[in-house]
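Heads up, the thing below is written out as structure tokens.
All of the numbers you see were taken from the coordinates with simple rules; none came from a lab. Just so it is clear, the model here is predicted, and its values are computed rather than measured. Cβ coordinates were reconstructed from backbone atoms using ideal geometry, including for glycine residues, and neighbour counts include every protein chain displayed.
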Amino acid sequence: MATTMQAWVVDVPGPVDGGPLRLEERDVPDPGPGQVRVRVRACGVCRTDLHLAEGDLAPRRPRVVPGHEVVGVVDALGEGSTRFGIGDRIGVPWLARACGRCRFCTTGRENLCLDPRFTGWDVDGGYAEHAVVDEAFAYALPDTFSDAEAAPLLCAGIIGYRALRRSQCPPGGRLGIYGFGGSAHLTAQVAMAEGTRVHVLTRSPEARALALELGAASVGDDGDPPPEPLDAAILFAPVGTLVPPALQALDRGGVLAVAGIHLTDIPTLDYERHLFQERELRSVTANTRRDGEELLARAAEIGIRVSAVPYPLDQADRALADLAHDRVTGAAVLVTPYGSGSTR
């Protein structure tokens, strides 16, 4: 096996068109105790990667390899690793480690861990030919999804699923979705499978067309009011100016969940128009492993459709720029020479 690999790193954070990513040759990493190494087959391109590359998220370590929606095949085991075997296809997610000891971890809220580690931020991620992961935080993947289809489920799918649950939208209720990219198009399908009427508000005509194709009850521009009061809403677009109209669109007792890790400034809220009558504004922070297990099982059960747009690994910079400029309908996915958009 080769001892070096190609990997993208965040060189100097800045505007995506200025080239904050750099492709370099690195040593293939060795797995430590309790870890496994995967030969990467696909890695989703997430908006969090964009926030990291552009500096909206402060770097946790220099020249980190981004990417936290990683599909790969195990090719090396660290000392004491027994959960997976050589040749197993697994998923590497955003949550790379939780301490397991703090008051949040011990009460089922490891997404709020006081000492967490995140893939592609604290530890090197999947914009590379190999990656390592603590085996306890990896996922076995359903056989029903190809490499390119499975990758977006590992963050876009999981965080959208948690946002849906945080929104407390009742089955058969009325859900508004603001922004309709990689995460939203998966979340909408989970909601619709539960009988929810989904109203999509997005500025992209292509995204509106995809939403209708997937079964949305209505579509509109992100500045339009939905056609009926909402029981719940999820804000996927990282645009703080959408918070007031999304809150105003809620019926009494409705909840707005903000799914992103970064949001531009929220304008001043008017208490009576935006929050009175027990409307709520909630954030969504990371996810638990249970969220991931539930989403992957649900996605396989309902046959969720993943709109994946493949890019070769050596075009990661272009994929990130296309995401930044809303040129991707669905989820951008890097595919290495070891993987493909087809089934395993």
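Using the Karplus equation 6.51 cos²θ - 1.76 cosθ + 1.60 (θ = phi - 60°), what ³J(HN,Hα) coupling, rounded to whole Hz, does each residue of region 76-84 give in order, writing x for Gly and Pro?
So the Karplus estimates, Gly and Pro as x, are 7, 10, x, 4, x, 7, 10, 5, 10 Hz.
Would you mind calculating the gained length between Asp221 and Leu269 on full extension (0.36 nm times residue separation, minus the Cα-Cα distance), in nm to one decimal?
My answer for the length gained is 15.1 nm.
Over all directions, how big on average is the projection of the convex hull of the alpha-carbon atoms in the chain, in square nanometres?
16.4 nm²
Show that you can apply the helix-only estimate: for the chain, add -39,500 (n - 2.57) for every DSSP H stretch of four or more residues, divide by all residues, and state [θ] at 222 nm to the nearest 500.
Helix-only estimate at 222 nm: -6000 deg cm²/dmol.
Counting Lys and Arg as +1 and Asp and Glu as -1, what is the net charge of the other residues whose Cβ lies under 13 Å from the Cβ of Gly14?
So the surrounding residues net to -4.
Using θ = phi - 60° and the Karplus relation 6.51 cos²θ - 1.76 cosθ + 1.60, list the HN-Hα couplings for region 118-130 in order, rounded to whole Hz, with x at every Gly or Pro.
Residue by residue, region 118-130 yields 10, 5, x, 10, 8, 10, 4, x, x, 7, 7, 7, 9 Hz.
How far apart, in nm, are two points set 7 Å out from the Cα along the Cα-to-Cβ line at Asp17 and at Asp56?
Result for the modelled spin labels: 1.7 nm.
Using only Cα atoms, figure out Rg for region 158-283 and give it as a multiple of 2.2 N^0.38 Å.
0.93
Per residue, what volume in Å³ does the Cα convex hull of region 99-226 take up?
Looking at region 99-226, the number lands at 156 Å³ per residue.
Output ³J(HN,Hα) for region 168-174: one whole-Hz value per residue in order, computed from phi by the Karplus curve 6.51 cos²θ - 1.76 cosθ + 1.60 with θ = phi - 60°, and x for Gly and Pro.
Coupling constants for region 168-174: 6, 5, x, x, x, x, 10 Hz.
Taking the highest mean first, how do the peptides 195-203, 175-183, 282-290 order by number of other beta carbon atoms within 10 angstrom per residue?
175-183, 195-203, 282-290
Filter the GluC sites (Glu not before Pro) in region 46-92 down to the DSSP loop ones having no more than 14 other Cβ atoms within 10 Å, then list what survives.
Glu79
How big is region 47-155 along each principal axis, measuring the range of its Cα positions in Å and listing the largest first?
Between the extreme Cα coordinates on each principal axis of region 47-155 lie 35, 34, 27 Å.
Could you list the chymotrypsin sites (Phe, Trp or Tyr not before Pro) in region 13-114 that lie in coil according to DSSP, counting only those with at most 14 other Cβ atoms within 10 Å of their Cβ?
When the chymotrypsin sites (Phe, Trp or Tyr not before Pro) of region 13-114 are filtered for loop state and at most 14 Cβ neighbours within 10 Å, nothing remains.
Amide H of Val309 versus every other amide H placed in the peptide plane: which residues, excluding those fewer than 5 positions away on the same chain, fall under 5 Å?
Under 5 Å from the amide H of Val309 lie the amide H atoms of Ala331, Ala332, Val333, each far enough along the sequence or on another chain.
How would you rank 58-66, 7-15, highest first, on the average number of other Cβ atoms within 10 Å across their residues?
Most protected by this proxy first, the peptides run 7-15, 58-66.
Out of every Cα pair in region 281-344, what percent are spaced more than 16 Å from each other?
Value for region 281-344 (Cα pairs over 16 Å): 63 percent.
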